[in-house]
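Engineer: Here you go, one structure.
The values are calculated or read from the model by the stated rules, or taken from the named source; none is laboratory data. No experiment lies behind these values; they were computed from the predicted model shown. Virtual Cβ from ideal backbone geometry, glycine too; neighbours counted across all protein chains shown. Surface areas here come from the heavy atoms of the whole protein model, side chains and all, with no ligands, DNA or RNA. Shrake-Rupley method; radii C 1.70, N 1.55, O 1.52, S 1.80 Å.
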Amino acid sequence: MITLKINGVTAAVEEGSTILDAAGFLGFPIPTLCHMEGLTPYGACRICIVEIGEGVQAKLVSSCTYPVAEGMKVRTASKRVLRARKMILELLLASCPQSKVIQDLASAHGVRQQRFKQEHEDCILCGLCVRMCKEQMMAGAIGFRSRGEKRSIGTPFDIKSETCRLCGGCIYVCPACQLRCTYTEPDKAICGGCANLPPPCAEKEAFDDMMCYMNPCVACEIEKDAKTANMME
Amino acid sequence: MSLTANKPSGGHGNTEEKVNLKAIPEILKRHAGERGSLIPILEDIQTVYGYLPEEALKLVVSETGRSATDVYGVATFYRAFSLTPRGRHLVCVCLGTACHVRGASAIAEELKLQLGISDGETTADKEFTLETVNCLGACALGPVVVIDGHYFSKVRKSRIRQMLEDARSGCINSSATDSSSMFPVTVNCPVCKGGLMDENFTLDSLPAIQLSISSAGVSGRLRLSSLYGSPECAVEYDVPAGSAVEVSCPHCKAALSGALSCSSCAAPMASLDVQGGAVLHFCSRRGCHNRSLDLTPSSCLPEGGGAK
Ligand code: FES
Ligand code: FES
């Protein structure tokens, strides 16, 4: 057992658990985005940051990947944490504003503005779908490709995967595409088009214009429109 | 588990040619059981083919039992790996900070103009591939251009044409090897002037030199690597190690060996004409790799010619 202090409360947790586990055990909420029970922690979104250490030694770490250590002092909601978290949300909003999950998180954290160049990414590279496919569905049909700016998720060689069983697990866990299809009028809410489709990922050869292999999905049109608009500028 | 390409989309698949996958099992065997062997395997494949053919990657997937996503992820992650065929010559121009302030962008533009391609592309004749990098660690020499592993320092626009010509004529090391003393030669029969290059037989991923040989009443074909300095060769029948063979031209049947004797084992040397004006001598005794290049006054100096 390891004893640590979270927000001043002493707790004893099992060795090998993460700060997120420990905080959950004590009932301190930490928001997460790329973390899901049953999947290996990945630490991609940084929403779950907490502050550990004291004074000049204090630093921000992602609680979903950070293992607890003896005598550790954790603050889950210090000023610094909240400010950083807000910034992270603002950045996420800048890249993927149409995600309901991100919108909800942003509003819950009082993010009222977005000061960066607006983009309409359909993926925040949180890796949930990749882990879902590999670890829970035992398929490994999709994975990360390339790196840096060009990093993307998809099948090897961009061809229809033979290992994919069309389970739809990837779409189920995707924070970017859940309830996304509001097209250009947010007040119209979701179109429901995707909900009436047979299993996604269906007989589709090229994924080029589509998000999460769904067709038809009007949300993808937003991205396309934004791109053409950018090009014309 | 295998992935069959019903229709290779995008730029990856090379549809025109079937890739010869013979070299792959050998590579896989060499790295079998090693931990963390994926990158060495991919490196070896790239050395043989010049790029990573889709079929080869699929073979790696099915043979090693790794997941296709992992293999593809690694292959696309590193800049050093290419999934599209590259040209025979790789031209790499540095756009790093130091090279940039010394005019690398103008050099890059000039290269693009002369080759008629942009960054990452290959010329239609499959001769050149142009790539850009951000610093090669040779900043003091900037602007730096690397052609087939050969560094050109303080490059000026006016030199580019010559550099590319040298690369084309093989005066710079071949891309098939990274050893600086190897370069490809094209040879003819010194008697009938017939070409001796066998386009259908490759050694060191270059067309091989083909010759007729005979010894003790048996005759057959001998193929030598056209990479000068490479010991690679293939013989059609079993020549006992240590015995010398009679070398003749496959076209005019003229004997090519005997004029000189090997400086290290005294067996007869065979001589061939090298295009561009030189004579290639090689020892006819199996197991002796003595070769030399006689440079008659020529326009093409193989080493350092274009590199100053
Ligand atoms: S939930 Fe911890 S980094 Fe995303
Ligand atoms: S900037 Fe070109 S070598 Fe460093």
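Engineer: Compare A:Arg80, B:Arg30, B:Arg291 by solvent-accessible area with a 1.4 Å probe and give them largest first, with all protein chains kept in place.
Structural biologist: Numbers: A:Arg80 95, B:Arg30 130, B:Arg291 50 Å².
Largest to smallest exposure gives the sequence B:Arg30, A:Arg80, B:Arg291.
Engineer: Roughly how much of B:Arg66 is accessible, in Å² to the nearest 10, using a 1.4 Å probe?
Structural biologist: 70
Engineer: Next up: Can you bin the stretch B:219-271 into rounded, prolate or oblate? Criterion: square roots of the alpha carbon gyration tensor eigenvalues sorted a ≥ b ≥ c, rounded for a/c under 1.5, prolate for a/b above b/c, oblate for the rest.
Structural biologist: rounded
Engineer: Using only protein heavy atoms and a 1.4 angstrom probe, determine the accessible area buried between B and A, summed over both sides, in Å² to the nearest 100. Please list the in-between numbers first.
Structural biologist: Numbers: alone 16120 and 13480 Å², together 27910 Å².
In total, chains B and A hide about 1700 Å² from solvent.
Engineer: Fully extended, how many nm does the chain gain between A:Ser146 and A:Gln118 (0.36 nm per residue separation, minus their Cα-Cα distance)? If you can, show how the numbers build up before the last one.
Structural biologist: Values: separation 28, 0.36 × 28 = 10.08 nm, distance 2.36 nm.
Taking 0.36 nm per residue and subtracting the Cα distance, the gain is 7.7 nm.
Engineer: Return one whole number: the accessible area per residue of the stretch A:128-173 in Å², for a 1.4 Å probe.
Structural biologist: Working: 2230 Å² over 46 residues.
Value returned for the stretch A:128-173: 49 Å² of accessible area per residue.
Engineer: B:Thr97 accessible area, nearest 10 Å², 1.4 Å probe?
Structural biologist: Surface accessible to solvent at B:Thr97 totals approximately 120 Å².
Engineer: Just reorder B:Phe282, A:Phe25 by solvent-accessible area, largest first, 1.4 Å probe, all chains present. Could the numbers behind the result be given before it?
Structural biologist: Numbers: B:Phe282 10, A:Phe25 145 Å².
Putting B:Phe282, A:Phe25 in descending order of accessible area: A:Phe25, B:Phe282.
Engineer: Place a +1 charge on the Cβ of each Lys and Arg in the stretch A:1-113 and a -1 charge on the Cβ of each Asp and Glu, then give the dipole magnitude about the Cα centre in debye, rounded to the nearest 20. List each step's numbers first, then the result.
Structural biologist: Details: 12 positive and 9 negative charges, 127 e Å.
It comes to approximately 620 debye.
Engineer: Also, I was wondering about something else. For peptide B:63-69, how many partner chain Cβ atoms fall within 10 Å of a residue's Cβ, on average?
Structural biologist: Numbers: counts 0, 0, 0, 1, 7, 9, 16.
Mean partner-chain Cβ count within 10 Å for B:63-69: 5.
Engineer: Now for a different question. With every protein chain left in place, what is the accessible area of B:Cys139 in Å² (1.4 Å probe, nearest 10)?
Structural biologist: 50
Engineer: Still on this structure: Just how far, in whole angstrom, is the stretch B:72-100 from the stretch A:117-165 if you go by their alpha carbon centroids?
Structural biologist: 23
Engineer: So, one more: Can you give the extra length, in nm with one decimal, that the chain gains between B:Thr47 and B:Tyr151 once fully stretched, where that is 0.36 nm per residue apart less the Cα-Cα distance?
Structural biologist: Values: separation 104, 0.36 × 104 = 37.44 nm, distance 1.93 nm.
Stretched out fully, the B:Thr47 to B:Tyr151 stretch lengthens by 35.5 nm.
Engineer: Any idea what the dipole of the stretch A:128-173 comes to, in debye rounded to 20, about its Cα centre with Lys/Arg Cβ at +1 and Asp/Glu Cβ at -1?
Structural biologist: 120
Engineer: Sticking with this one: Run the simple label-point estimate for B:Tyr237 and B:Ser292 please: 7 Å along Cα→C-beta, distance reported in nm.
Structural biologist: Between B:Tyr237 and B:Ser292, the simple spin-label model gives 3.1 nm.
Engineer: A:Glu54 versus B:Arg161, label points 7 Å from Cα toward the beta carbon: distance in nm?
Structural biologist: The modelled label-to-label distance comes out at 7.5 nm.
Engineer: What average number of partner chain Cβ atoms lie no more than 10 Å from the Cβ of the residues making up B:74-81?
Structural biologist: Details: counts 3, 4, 10, 7, 2, 3, 0, 0.
Average per residue, whole number: 4.
Engineer: Starting from the exponent 0.38 and prefactor 2.2 Å, build the expected Rg for the stretch B:85-127 from its residue count and divide its actual Cα Rg by it. Kindly include the intermediate steps, with their values, before the conclusion.
Structural biologist: Values: Rg = 11.2 Å, N = 43, 2.2 N^0.38 = 9.2 Å.
Compared with the compact-globule rule of thumb, the stretch B:85-127 sits at 1.22.
Engineer: What net charge do the residues around A:Gly8 carry, taking every other residue with its C-beta under 10 Å from that of A:Gly8, with Lys and Arg at +1 and Asp and Glu at -1?
Structural biologist: +3
Engineer: Evaluate peptide A:150-161: per residue, the Cβ atoms of other protein chains within 10 Å of its Cβ; return the mean as an integer. Don't skip to the end; give the middle numbers.
Structural biologist: On the way: counts 2, 3, 1, 2, 2, 4, 15, 15, 7, 11, 6, 3.
Neighbouring Cβ atoms belonging to other protein chains average 6 per residue here.
Engineer: Once R0 is set to 25 Å, what does the formula 1/(1 + (r/R0)^6) return for the Cβ-Cβ distance between A:Leu166 and B:Glu63, expressed as a FRET efficiency to the nearest 0.05?
Structural biologist: Values: r = 27 Å, r/R0 = 1.09.
Taking R0 as 25 Å, the efficiency between A:Leu166 and B:Glu63 is 0.35.
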